[in-house]
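Remarks on the structure that follows.
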Amino acid sequence: MNATGGSAARKINFLRQHPSQGHAAARLERVLAIGRAFLTAWGLVAVYVDPTEPSGLSELSYAIIVGYALYSVIVLVFVERATRLAPRDGEFLHGIDILWAAALTFVSNGVGSPFFLFFIFVVLAAAFRWGFRATMLTAATVLSLVAVQTFVLAAGPWGTLFSMSGDEINRTIMRVAYLLLSAFMVGYLGEQEKLLRAETTTMAAAGRQPRVDLGLGGSVTAVARELLQTFDASAVDFVIQDFETRRTMLWRVDRTDSGTSRRALHVKLDPMQQDAWLFDDPGSTWSAKRMPDGRGYSARVTQPGVWPLAGATMTLPTELVEARPFTTVAASNLGLAEEWRGRVYLFDAAGGDNLERSMHFLEQLTEHIAPALTNVFLLRRLRSRAGAVERARVSRELHDGAIQSLFGIQMKIEALRRGATLTPEKVDEELGEVHDLLQREVLALRELMQALRPLELETSDQLPDVLASLVERFRRDTSVSARFIWTGGPISLPSATALELARIVQEALVNVRKHSRARNVLVRLTNNDDTCTLMIEDDGQGFGFEGRLSARELEKRRIGPAIIKERARIAGAQLSVDSAPGVGARLELTFSNGVHA
């Protein structure tokens with residue numbers, strides 16, 4: 001993914017803008033402080049075991065190694081207590097480590113000193129802190145100090161103390177070579193580890209962008225802006241097609257609105273535009289660049305399980321090419337089979353110095369984002385379906401109840417208006433019927449509003465209070481004698497199951513008022529260690545059968561309360577219904593404690 005002609009300076013590593021997305025400075029310096037203290041302790045042990053080393057200025061060497069040990073302890077205590085460290089603190093400590101190592105080797109036989117290992121430590125610390133470039137810069141600094149030390153020791157007034165034979169010169173050359181090789185190796189490994197940490201951090205940040213509260217459009221916009229920043233692209237286009245509704249949407253984000261909180265520009269694509277943006281491409285992730293002759297695009301495509309990119313030639317749809325000016329475009333596909341599919345386009349993104357890595361990372365990133373977007377997508381669909389079902393239910397309730405009753409009231413009032421010969425007694429009788437009918441419909445509408453209102457039930461231990469409130473409201477509104485009894489210990493059902501149970505009680509009380517003509521209702525909730533049982537009993541007309549039937553038998557005979565049967569199935573409850581026509585009915589539901597709806 002090369003940059004545009006006017007932005008050639010952006011041919012940088014696609015994750016170089018995330019240098020700090022790894023270990024926090026405080027944590028990093030704690031690790032190095034422990035390593036520094038361990039290395040210093042080893043130096044003190046080495047001096048104790050072999051008191052002939054170091055030779056030369058031995059007393060000064062001992063003083064410096066003891067001073068370095070005290071310095072290591074002070075740094076360790078400081079970083080352990082510090083709540084936050086700045087990157088400059090690491091640079092300062094790194095410089096001090098180089099000076100300590102230089103002083104220690106200078107007074108203890110130079111490069112031949114056993115404390116030359118302290119230079120290895122500073123090289124490792126540079127790789128751990130910053131990566132390849134800083135490691136090689138540290139190695140160059142160390143080699144410069146070694147050269148100065150060697151010259152001073154060979155030609156200075158200390159020559160009588162430090163003699164350098166031919167073997168020692170060869171050993172010095174070998175140590176310098178080892179240091180260079182070690183610096184190159186650990187610098188490269190440190191750079192790769194830093195990039196891996198940056199990739200992991202970036203994928204985690206991108207995976208957090210899709211959120212239910214943002215909706216599908218807001219989640220896609222957040223993901224597009226994250227990709228725009230990560231790959232330093234000039235623009236990002238995100239296309240999603242819903243297989244169920246056959247609707248295709250396009251969201252567009254460019255660098256000018258990457259920092260805003262508003263949603264991206266989005267348009268609905270017609271079938272021809274859909275074919276242009278979701279054309280058959282050569283692979284799951286690819287990058288295309290216009291060919292010099294202008295007749296097509298040369299593409300590099302990822303292959304499953306293969307690191308090198310495959311070469312291909314492709315022709316981009318005219319509408320895609322004319323949508324915005326670009327030199328390169330990269331794309332990656334995502335989605336869920338039989339539910340939705342999408343494609344994200346990155347225009348003129350940085351990363352041309354390592355195209356393979358950037359393409360494979362884009363593929364991993366979209367695979368990581370896809371499940372989170374799928375959750376938002378399916379929840380959006382579920383809410384749409386639930387809303388449609390609820391609207392259909394409300395429409396049916398209004399049509400079969402309030403509208404029919406209002407139509408009957410209208411006819412009665414019209415008859416009263418035209419009935420000039422009606423006696424006052426007959427008028428009072430008709431008005432009484434109208435009043436009773438209005439009262440019933442007001443109660444029915446109130447029940448409908450209560451059913452539409454969400455129940456305030458966050459945990460199952462709130463269930464007894466919620467049920468008691470429902471029963472008390474029913475008693476107050478209908479004048480039917482209703483009681484609620486709760487026995488047993490605390491309720492330990494999942495919150496979703498407890499909510500279904502409350503809805504079952506709500507639906508059962510509505511059925512009692514509408515159909516049973518009962519004078520007494522009892523709702524009993526019993527809980528023990530293994531099961532939770534809900535029983536709803538009335539002395540009304542009962543159902544159109546006699547005896548006790550299970551949920552399976554009710555389904556087989558297609559009788560019983562339909563909504564309660566469905567809610568019991570969703571909640572995972574065992575339902576049974578006892579009925580005695582003209583005497584009453586009893587519903588019993590048994591839940592296993594800990595069952596998940």
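The values are calculated or read from the model by the stated rules, or taken from the named source; none is laboratory data. Being a predicted model, the structure only gives us computed values, none of them experimental. Methodologically, a virtual Cβ is constructed for each residue, glycine included, from the backbone with ideal geometry; neighbour enumeration extends over all protein chains shown.
Quick one: would you say Ala312 is surrounded by 15 or more Cβ atoms within 10 Å (Cβ to Cβ) and either closer than 29 Å to Asp242 by Cβ or assigned by TED's automatic domain parsing to the domain that holds Glu363 (or both)?
yes
So how many residues does region 555-564 have that are within 36 Å of the chain's Cα centre (by Cα) and surrounded by fewer than 20 Cβ atoms within 10 Å (Cβ to Cβ)?
If we filter region 555-564 for residues that are within 36 Å of the chain's Cα centre (by Cα), which is where we start, we get 563-564.
In the following step, the residues that additionally are surrounded by fewer than 20 Cβ atoms within 10 Å (Cβ to Cβ) were identified as 563.
Adding up the residues that qualify gives 1.
Being more than 19 Å from Arg341 (Cα to Cα) and modelled with pLDDT of 85 or more is the requirement here; does Asp280 meet it?
Details: more than 19 Å from Arg341 (Cα to Cα): no; modelled with pLDDT of 85 or more: yes.
When the stated conditions are applied, Asp280 does not pass them.
Of the residues Thr201, Thr260, which single one is hydroxyl-bearing (Ser, Thr, Tyr), in contact with a Gly (Cβ under 9 Å, 6 or more places away or on another chain) and at pLDDT below 85? Let's see the steps before the verdict.
Numbers: Thr260 fails: in contact with a Gly (Cβ under 9 Å, 6 or more places away or on another chain).
On inspection, the qualifying residue turns out to be Thr201.
Output the residues belonging to region 466-512 that are surrounded by 18 or more Cβ atoms within 10 Å (Cβ to Cβ), assigned to a loop (DSSP other than H, G, I, E, B) and either over 41 Å from the mean Cα position of the chain (by Cα) or among the basic types (Lys, Arg) (or both).
Val480
Give just the number: which of (1) of a type outside the set (Val, Ile, Thr); (2) crowded, with 19+ Cβ neighbours inside 10 Å; (3) in contact with a Phe, Trp or Tyr (Cβ under 9 Å, 6 or more places away or on another chain) does Arg225 not satisfy?
The one condition Arg225 does not meet is (3).
Working only within region 332-377, note down all residues that are small (Gly, Ala, Ser) and farther than 19 Å from Ala299 by Cβ.
Taking region 332-377 first, the residues small (Gly, Ala, Ser) are 332, 335, 337, 342, 349-352, 358, 370, 372.
Answer for region 332-377, where residues must be small (Gly, Ala, Ser) and farther than 19 Å from Ala299 by Cβ: Gly335, Ala337, Gly342, Ala370, Ala372.
Does Glu244 fit the bill of being among the acidic types (Asp, Glu), surrounded by fewer than 20 Cβ atoms within 10 Å (Cβ to Cβ) and more than 27 Å from Ser358 (Cβ to Cβ)?
On the way: among the acidic types (Asp, Glu): yes; surrounded by fewer than 20 Cβ atoms within 10 Å (Cβ to Cβ): yes; more than 27 Å from Ser358 (Cβ to Cβ): yes.
Spelling it out, Glu244 is indeed among the acidic types (Asp, Glu), surrounded by fewer than 20 Cβ atoms within 10 Å (Cβ to Cβ) and more than 27 Å from Ser358 (Cβ to Cβ).
Of these, Thr248, Thr285, which one is β-branched (Val, Ile, Thr) and under 21 Å from Ala350 (Cα atoms)? Steps first, please.
Working: Thr248 fails: under 21 Å from Ala350 (Cα atoms).
On inspection, the qualifying residue turns out to be Thr285.
Within region 124-131, identify whether any single residue is assigned by TED's automatic domain parsing to the domain that holds Gly187, closer than 25 Å to Tyr188 by Cβ and not in a helix (DSSP H, G or I), and answer yes or no.
Looking only at region 124-131, we keep the residues that are assigned by TED's automatic domain parsing to the domain that holds Gly187, and these are 124-131.
Next cut, closer than 25 Å to Tyr188 by Cβ only: 124-131.
Filter once more, keeping what is not in a helix (DSSP H, G or I): 130-131.
Yes, the conditions are met somewhere in region 124-131.
Mind telling me which of the residues Leu463, Leu525 ends up being modelled with pLDDT of 85 or more and either touching a strand residue (DSSP E or B) at 6+ places or on another chain (Cβ under 6 Å) or in a strand (DSSP E or B) (or both)?
Numbers: Leu463 fails: either touching a strand residue (DSSP E or B) at 6+ places or on another chain (Cβ under 6 Å) or in a strand (DSSP E or B) (or both).
Step by step, each of Leu463, Leu525 is checked, and only Leu525 is modelled with pLDDT of 85 or more and either touching a strand residue (DSSP E or B) at 6+ places or on another chain (Cβ under 6 Å) or in a strand (DSSP E or B) (or both).
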